[in-house]
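The values are calculated or read from the model by the stated rules, or taken from the named source; none is laboratory data. These numbers were taken from a predicted model, which means no experiment stands behind them. Neighbour counts run over all protein chains shown; Cβ positions are idealised from the backbone, glycine included. Protein only, heavy atoms only, side chains kept; ligands, DNA and RNA dropped before computing areas. Shrake-Rupley method; radii C 1.70, N 1.55, O 1.52, S 1.80 Å.
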Amino acid sequence: MKITILSLFPEMFNGFIETSIINKAILKELVEVEVIDMRSFTEDKHNRVDDYPYGGGAGLVLLCQPVVDAIKSVRTEDSLVVMMTPQGKTFNQETAYDLSLNTKHLVLVCGHYEGFDERIRDYVDLEVSLGDFVLTGGELAAMVISDAVIRLVEGVITKESHEDDSFSNGLLEYAHYTRPRIFEGKEVPEVLFSGHHENVRKYRLESSLEKTYKHRPDLLKNRVLTKEELEILNTIRENDK
């Protein structure tokens, strides 16, 4: 998989691509990440990539020419061009899986300043937002999306490491524990030492449902529960009264 990031501030990505799992994935040639400076495409004699908006108003708007030319320079028949914008579809784990499985070349376009000239939208395939808030630029969003997608690419981490992730099955992930067995009087649940795989599975399912019920009950409205899950959830609700 190849990820191309179009940005006005490519230096922001230096640490991102040189550390941790992202760097390991690049070194193993499982993914390729390139960051391209959109300023290098401007035809403005003063090297500008933005200007004041027609009709007045605060802030500066990105010019069509450098952004569109940057997109055209990297787009291939395998490319999916994604614009980072608060107006876009909210990014989630399902989208991350879809991009990791079905996209050969992901192009992330980072906005800045007041936003994009509206006509730039005609050159992108998808608009994505991290949530209902505004950042100073799309670079942080591009890092988040790249990280979420890269870790799901086959071979980057083991399948077992992400198949139980929060949101992967519509629920929050179950509670995790490690050494020490007792910390300041707080003990690890005994079932995790039982060696009984079925009991461990049931405990983790209960933990997952309880966390979802307490912290993200909205997720339960969109999920068809199995008979086992429904029984566990009803018990959790009874205990919560």
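Note down, for the stretch 28-91, the three equivalent ellipsoid semi-axes (square root of 5 times each alpha carbon gyration tensor eigenvalue), biggest first, whole angstrom.
On the way: eigenvalues 140, 61, 22 Å².
For the stretch 28-91, the ellipsoid semi-axes come out as 26, 18, 11 Å.
Which translational diffusion coefficient, to the nearest whole µm²/s, is obtained for the stretch 170-241 from the Stokes-Einstein equation, given a Kirkwood hydrodynamic radius over C-alpha pairs, 4 °C and 1.567 mPa s?
Values: Rh = 13.4 Å.
My calculation gives 97 µm²/s for D.
As an exercise, take the mean of 1/r over every pair of distinct alpha carbons in the stretch 98-241, invert it, and state the Kirkwood radius in angstroms.
Details: mean 1/r = 0.0528 Å⁻¹.
About 18.9 Å, per the Kirkwood formula over Cα pairs.
Over the chain, what is the mean sequence separation of C-alpha contacts under 8 Å (at least six apart), divided by residue count, expressed as relative contact order in percent? Provide the component values of the computation, followed by the final result.
Values: 339 pairs, mean separation 44.8, N = 241.
Value for the chain: 19 percent.
What helices does the chain have that are whole DSSP H segments, at least 15 Å long along their own axis by Cα, and with mean Kyte-Doolittle hydropathy of 1.0 or more?
Numbers: long enough: 64-74 (16 Å, 0.74); 139-150 (16 Å, 1.73); 197-215 (27 Å, -1.80); 227-239 (18 Å, -1.04).
What comes out of the filter, once short or polar helices are dropped, is 139-150.
For Ile5, enumerate residues with amide H under 5 Å from its amide H, sequence gap 5+ or separate chain, H modeled in the peptide plane.
Hits under the 5 Å cutoff: Glu34, Val35, Ile36, Leu108.
Select from the stretch 28-115 those GluC sites (Glu not before Pro) which occupy a DSSP coil region and have at most 15 other Cβ atoms within 10 Å, ordered by residue number.
On the way: sites: Glu29, Glu32, Glu34, Glu43, Glu77, Glu94, Glu114; in loops: Glu29, Glu43, Glu77, Glu114.
Within the stretch 28-115, the qualifying GluC sites (Glu not before Pro) (loop, at most 15 other Cβ atoms within 10 Å) are Glu29, Glu43, Glu77, Glu114.
Given a cut-off of 18 Å, what percent of all Cα-Cα pairs of the stretch 9-116 lie beyond it? Please report the intermediate quantities before stating the final value.
Details: 3509 of 5778 pairs.
In whole percent, the long-distance tail amounts to 61.
Give me the one-decimal nm value for the distance between modelled label points at Ile36 and Leu101, 7 Å along each residue's Cα-to-Cβ direction.
The two pseudo-label positions are separated by 2.9 nm.
Could you tell me the largest-minus-smallest coordinate of the C-alpha atoms of the stretch 106-155 on each of the three principal axes, in descending order and whole angstroms?
39, 23, 16
With each pseudo-label sitting 7 Å past Cα toward Cβ, what's the Asp51-Arg237 distance in nm, one decimal?
So the label points at Asp51 and Arg237 sit 5.9 nm apart.
Given H placed on each backbone N at 1.01 Å, which residues far from Asp50 in sequence or on other chains put an amide H within less than 5 Å of it?
Leu63
Can you show me the helix-derived [θ] at 222 nm for the chain, built from DSSP H runs with n ≥ 4 at -39,500 (n - 2.57) apiece and divided by the number of residues, rounded to the nearest 500. Show your work: numbers first, answer last.
Working: 9 runs with 86 residues, N = 241.
Rounded to the nearest 500, the figure is -10500 deg cm²/dmol.
So how much accessible area does Thr85 have, in Å² to the nearest 10, using a 1.4 Å probe?
10
At Asp164 and Asp218, where each label point lies 7 Å from the Cα along Cα→Cβ, what is the point-to-point distance in nanometres?
Here the modelled spin labels are 2.7 nm apart.
When the solvent-accessible surface of protein heavy atoms is calculated with a 1.4 angstrom probe, in what order do Ser166, Ser73, Ser207 fall, highest first?
Of Ser166, Ser73, Ser207, the descending order of accessible area is Ser73, Ser166, Ser207.
Pairs of lysines 8 or more apart, or on different chains, with alpha carbons under 23 Å: count those in the stretch 155-241, would you?
The result is 17.
Ranked by accessible surface with a 1.4 Å probe, highest first, in what order do Arg39, Arg201 come? Please report the intermediate quantities before stating the final value.
Working: Arg39 70, Arg201 100 Å².
Heavy-atom accessible area, descending, gives Arg201, Arg39.
Could you identify which residue out of Phe183, Phe116, Phe193 has the top mean-square fluctuation in a GNM of the chain using Cα springs shorter than 10 Å?
With Cα springs under 10 Å in the chain, the top fluctuation among Phe183, Phe116, Phe193 is at Phe183.
Write down Rg/Rh for the stretch 144-208, rounded to two decimals, with Rg from the C-alpha atoms and Rh from the Kirkwood relation over Cα pairs. If you can, show how the numbers build up before the last one.
Numbers: Rg = 14.7 Å, Rh = 13.9 Å.
For the stretch 144-208, the value is 1.06.
Would you pull out the residues with amide H under 5 Å of Glu173's amide H, same chain only if 5 or more places away, H placed 1.01 Å from N?
Hits under the 5 Å cutoff: Ser166, Phe167.
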